[in-house]
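The structure appears right after this line, and notes come after that.
The values are calculated or read from the model by the stated rules, or taken from the named source; none is laboratory data. What you see is a predicted model; the values in this text were computed from it and never measured. A quick note on method: Cβ atoms are made from the backbone with ideal geometry, for glycine too, and the neighbour counts reach across all protein chains shown. We work out accessible area using only protein heavy atoms, side chains counted, and drop any ligands, DNA or RNA first. Shrake-Rupley method; radii C 1.70, N 1.55, O 1.52, S 1.80 Å.
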Amino acid sequence: MALLVLPFALHAQAKFHDVEANDAKGAVKSITTSVMGNTQKVTFTEEGKMQQDGLSNVVYDDNGYVKSAEVEAQGMKMTLSYTWENGRVKSQSTSIMGQQMSTTNIYNEKGEIVKQVINMGGQEMNAEYSDYKYDDHGNWISRKASIMGQQIDAPRTIEYYK
């Protein structure tokens, strides 16, 4: 029986790519972020499917990449849509109460997001990221964000399946 379980453990999270949608890789159990006093925890099944309060109507493509989802937070319902390129999120668009917002990710040669171009109803804003620090699984656990001239530390804690 243990031999049947072993191959699944070696290929954990091969079915869904929600971990990658959260800018991580591997057998991630949870990601906890803390930015400016706001803490958010996202958990994942062993197959890589995201679990979060208020998350519903998740649609995947045939390869397990999330195409769209609905999120309800603070009484507001948002529809998120994703486009993927080479196993990474190229862009994400959000519809909140009829308002559109899109974020385009720009990566460096190491696969780090170095810039996000955020478009809110025709107004563009840039967020730039630097000073990445990594855990022993190769996922970032700290980075600096520069948004509208303000420097923000963005730490996160990642738990893994054994």
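Structure values in brief
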{"quantity": "Filtered residues of segment 58-78 (kept if open to solvent by less than 60 Å² (accessible area, probe 1.4 Å) and either part of a strand (DSSP E or B) or among the polar types (S, T, N, Q) (or both))", "calculated": "Val58, Tyr60, Val66, Ser68, Ala69, Glu70, Val71, Ala73, Met78"}
{"quantity": "Count of residues meeting criterion [closer than 19 Å to Lys29 by Cβ, surrounded by 12 or more Cβ atoms within 10 Å (Cβ to Cβ) and either in contact with a Lys or Arg (Cβ under 9 Å, 6 or more places away or on another chain) or of a type in the set (D, E, K, R) (or both)] in segment 113-141", "calculated": "5"}
{"quantity": "Selection within segment 31-42 - surrounded by fewer than 15 Cβ atoms within 10 Å (Cβ to Cβ) and in contact (Cβ under 8 Å) with a residue 12 or more places away in the chain", "calculated": "Thr32, Ser34, Val35, Met36"}
{"quantity": "Count - residues of segment 100-112 that are of a type in the set (D, E, K, R) and either open to solvent by 70 Å² or more (accessible area, probe 1.4 Å) or in a strand (DSSP E or B) (or both)", "calculated": "2"}
{"quantity": "First in segment 143-160 and at positive phi, second anywhere and surrounded by fewer than 14 Cβ atoms within 10 Å (Cβ to Cβ), Cβ under 8 Å, 6 or more apart", "calculated": "Met148/Met125"}
